[in-house]
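Undergrad: Here's a structure for you.
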Amino acid sequence: GQLPTWLEGILLRNGPGMHIIGDTKYNHWFDGLALLHSFTFKNGEVYYRSKYLRSDAYNCNNEANRIVVSEFGTMAYPDPCKNIFAKAFSYLSHTIPEFTDNCLINIMKAGDDFYATSETNFIRKINPQTLETLEKVDYTKYVAVNLATSHPHYDSAGNILNMGTSIVDKGKTKYVLFKIPPSGPEKEKKKSCFKPLEVVCSIPSRSLLHPSYYHSFGITENYVIFIEQPFRLDIVKMATAYIRGVNWASCLAYHKEDKTWFHFVDKKTKKEISTKFYTDAMVLFHHINAYEEDGHIIFDIIAYKDNSLYDMFYLKNLTKDFEENNKLTSIPTCKRFVVPLQYDKDAEVGSNLVTIPSTATAVKDKDGSIYCQPEILCEGIELPRINYDYNGKKYKCVFATEVQWRPVPTKIIKFNIQTKEMLHWEEDHCWPSEPIFVPSPDAKEEDDGIVLTCVVTSGPKEAPFLLVLDAKTFKELGRATVDVEMHLDLHGMFIPQKSLKTETE
């Protein structure tokens, strides 16, 4: 096929790549050592490159020729030959664990630089052109967080907004919203862009020892949306996991009898809205988008009825019969919540406060809190992406993968949220990854551009490939096959040529 002549830059993606070290094996697919790969577009041609992230975790494991750094689903133990005192000391030092820097989930842009990220307090700077691993940044040096999301937001001024959890700091556990400004003037370029990091606001956790797990958050023009779900981390269990010989994942539990709470932070006042909004118990990983309309916040998320998704990816379940044996007990559901920020304070108890056309409701309780029920937009989609120029604004297109009762996607879809029309691409034995939308330079409409996805194949003769689709029609424009074993990845970003430093810089 043919690539658009304007497509110049790098598609950079990240995901778990190495699951066996020496005679040891990780328990969970999300634990594998990070493998970066990139597709560089230049003069209508595509160049492929891949390289393991040279994290401390990678180096220590390879040096020992076994897993010695714990990951979320795999607890590692020091050399058994060490004396008993050393062993007792390492048990004590794991109370709030020293987390791994195996940054395998996403890529983040900060100033002119790019970082591989995961959900711990560490991120690793990388060179997007050579995939070399550069310095390690520890968020805790700039802000009191033990965990941070891998899905930050970027605003038009170049700031990064992200959220992290601060565990039992000064007797409180809280969710911290922080802002990283773009790099300063030329003379300050040498300084880290993390130095002037600013805490925008913190939201106290409803429980000191059971903070909510979250993978992403939402943003509109004036608000930040944080969802405190009843899928929670048990801090006491986590502090004793090492001694008990269990992994950190076992310290997460879903409390289906509890509520899910919505928090809205006003970006201008940096204060949380005092009204309490909630919905039924659910588990979510990905926010799609959010915007404001006539005094309401509208946000779209992908939610589950339980946390079976995580369990699917234990490697013991990912065997050759995995399609037969592995079924999600809850299908991902695309839900739209409509939350009235301005409503009649004298409204009757039990009345629906939503005043714009929607089947979503927000009903007033007698204690003044508001119970929200969503509109169901569609089912069976995950790894959603949008045209990021529409982030926080009214929009219509979602690009995603389709997953039904299986955790691994078989199709790429384009869903029109307004008309509910769905286009899809699929081929036998093909497993596509998260689709990334790249706008064309003269785009007039939201879907003027292309969609890029990496496709892994399970047929014996088919090579993996990069697929390029026309975002409007969803017709294939071209594909670039890769003569290596490509790994299934998680997330990534497209970096236009103009955002890349030239080698001399």
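Undergrad: Could you size up the charge dipole of segment 426-475 around its Cα centre, putting +1 on the beta carbon of Lys and Arg and -1 on that of Asp and Glu, and report it in debye to the nearest 20?
TA: Dipole of segment 426-475, to the nearest 20 debye: 180 debye.
Undergrad: Tell me the carbon and sulfur percent of the accessible area for the chain, rounded to whole percent, probe radius 1.4 Å.
TA: On the way: 11840 of 22800 Å².
Result for the chain: 52 percent of the exposed heavy-atom area is carbon or sulfur.
Undergrad: For residue 193, what accessible area in Å² do you get when you roll a 1.4 Å probe over the heavy atoms of the protein chains, rounding to the nearest 10?
TA: 20
Undergrad: Specify which residue in the list 200, 449, 315 is farthest towards the positive end of the charge dipole of the chain, using unit charges on the beta carbon of Lys, Arg (+1) and Asp, Glu (-1), about the Cα centre.
TA: 200
Undergrad: How much length is gained on full extension from residue 317 to residue 25, taking 0.36 nm per residue of separation minus their Cα-Cα distance?
TA: Net length gain for the segment: 103.7 nm.
Undergrad: Only four residue types carry charge here, +1 at the Cβ of Lys and Arg and -1 at the Cβ of Asp and Glu. Report the dipole size of segment 9-499 about the Cα centre in Debye, rounded to the nearest 20.
TA: The dipole of segment 9-499 has a size of about 1320 debye.
Undergrad: Quick one: accessible surface of residue 388, probe radius 1.4 Å, all protein chains present, in square angstrom to the nearest 10.
TA: For residue 388, the solvent-accessible surface is approximately 90 Å².
Undergrad: Sorted by accessible area with a 1.4 angstrom probe, largest first, how do 258, 483 fall?
TA: 483, 258
Undergrad: Counting only the backbone N, which residues of segment 351-390 are under 20 Å from the spot 7 Å out from the Cα of residue 445 toward its beta-carbon?
TA: Answer for segment 351-390: 385-390.
Undergrad: Can you pull the one-decimal nm distance between simple spin-label points at residue 157 and residue 331, each 7 Å off the Cα toward Cβ?
TA: The answer from the label model is 4.4 nm.
Undergrad: Would you give the gap between the C-alpha center of segment 260-302 and the C-alpha center of segment 415-436, rounded to a whole Å?
TA: Rounded to whole Å, the Cα centres lie 27 Å apart.
Undergrad: Sticking with this one: Run the simple label-point estimate for residue 271 and residue 388 please: 7 Å along Cα→C-beta, distance reported in nm.
TA: With each label placed 7 Å out from Cα toward Cβ, I get 3.3 nm.
Undergrad: In sequence order, what are the phi-derived ³J(HN,Hα) couplings for segment 18-25 according to the Karplus relation 6.51 cos²θ - 1.76 cosθ + 1.60 with θ = phi - 60°, rounded to whole Hz, with x for glycine and proline?
TA: The phi angles translate into 10, 10, 10, 10, x, 9, 9, 9 Hz.
Undergrad: Given a 1.4 Å probe and the protein chains all in place, what does the accessible area of residue 385 round to, in Å² to the nearest 10?
TA: The accessible area comes out at roughly 60 Å².
Undergrad: With the cut-off at 29 Å, report for segment 9-499 the share of all Cα pairs above it, as a whole percent.
TA: Distances greater than 29 Å cover 51 percent of the Cα pairs.
Undergrad: Which order do you get for 292, 382 if you rank them by accessible area with a 1.4 Å probe, largest at the top?
TA: 292, 382
Undergrad: If a paramagnetic tag sat 7 Å from the Cα of residue 369 along the Cα-Cβ line, which residues of segment 191-216 would have the backbone N under 18 Å from that point?
TA: From segment 191-216, the list is 203-213.
Undergrad: Now for a different question. For 206, 232, 124, what's the largest-to-smallest order of accessible area, 1.4 Å probe?
TA: 206, 232, 124
Undergrad: Considering the dipole of segment 401-505 built from charges on the beta carbon (Lys and Arg +1, Asp and Glu -1) around the Cα centre, which of 435, 486, 416 is farthest to its positive end?
TA: 416
Undergrad: How much length would be gained if the chain were fully extended between residue 77 and residue 346, taking 0.36 nm per residue of separation minus their Cα-Cα distance, in nm to one decimal?
TA: Taking residue 77 through residue 346 to full extension adds about 90.8 nm, to one decimal.
Undergrad: Another question, then. Can you list the residues, at least 5 places off or on another chain, whose amide H is less than 5 Å from the amide H of residue 408, using H built in the peptide plane?
TA: For residue 408, whose amide H was placed from the backbone, there are no distant partners under 5 Å.
Undergrad: So, for segment 9-499, what is the accessible surface per residue at a probe of 1.4 Å, expressed in square angstrom?
TA: Heavy-atom SASA per residue in segment 9-499 reads 44 Å².
Undergrad: Run the helix sum for the chain: -39,500 (n - 2.57) per DSSP H stretch of 4+ residues, divided by residue count, reported at 222 nm to the nearest 500 deg cm²/dmol. Each step should come with its number before you reach the end.
TA: On the way: 5 runs with 37 residues, N = 505.
Helix contribution divided over all residues of the chain: -2000 deg cm²/dmol.
Undergrad: Report the local net charge at residue 25: Lys and Arg +1, Asp and Glu -1, summed over other residues whose C-beta lies under 13 Å from its C-beta.
TA: -1
Undergrad: Please work out how much length the chain gains when fully extended from residue 306 to residue 206, using 0.36 nm per residue of separation minus the C-alpha to C-alpha distance, in nm with one decimal.
TA: Value of the extension gain: 34.0 nm.
The values are calculated or read from the model by the stated rules, or taken from the named source; none is laboratory data. Model, not experiment: these values are computed from the prediction. Using ideal geometry, Cβ is built from the backbone for each residue, glycine included, and neighbour counts are taken over all protein chains shown. Side chains included, ligands, DNA and RNA excluded: accessible areas come from the protein's heavy atoms. Shrake-Rupley method; radii C 1.70, N 1.55, O 1.52, S 1.80 Å.
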